[in-house]
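As structure tokens, the structure follows; a few thoughts come after it.
We did not get these values from a lab; they are worked out from the coordinates using the rules stated. From a predicted model like this one, the values you see are computed outputs, not experimental measurements. Here the Cβ positions follow ideal geometry from the backbone for every residue, glycine too, while neighbour counts run over all protein chains shown.
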Amino acid sequence: MADIEAHVLRYWEGEFGQLNPRKSHTGRRLYTRKDIETVMEIRSLLYDEGFSIAGAKKRLQKRKKTASDRDNIIETVRQTKKGLEEILAILNG
């Protein structure tokens, strides 16, 4: 799917903590959709954008932190909206 040799994927699994496929009882790697997206992202960073392994690691960590920050902001907005709706209900009720 990603046009990457198996030994390269195994190497990336050791280098990138985000890439951690489960293994079946026979020892075969079972990649989830998230794992495949991570592989495609690593591939793009290394092959298309020319990052080194260390640079790709930093970029992935930065993206993870940005996504986490975004999720926290969304949750804060949801809680604020809920609180404002409760205040509005009290004022109207």
Sort T26, T66 by Cβ crowding within 10 Å, fewest neighbours at the top.
T26, T66
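With the alpha-carbon atoms as the only input, what is the per residue convex hull volume for region 6-92 in Å³?
Working: hull volume 11.2 nm³, N = 87.
Value for region 6-92: 129 Å³ per residue.
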Here, V77 and D48, labelled 7 Å along Cα→Cβ, have an inter-label distance in nm of 2.7 nm
Could you please state, rounded to a whole Å, how far the C-alpha centre of region 9-37 is from the C-alpha centre of region 50-76?
20 Å
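Most exposed first by the Cβ proxy, i.e. fewest other Cβ within 10 Å, how do Y31, Y11 rank?
Starting with the residue having the fewest Cβ neighbours, the order is Y11, Y31.
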Trypsin sites (Lys or Arg not before Pro) within region 19-83, DSSP loop, no more than 12 other Cβ atoms inside 10 Å:
R28
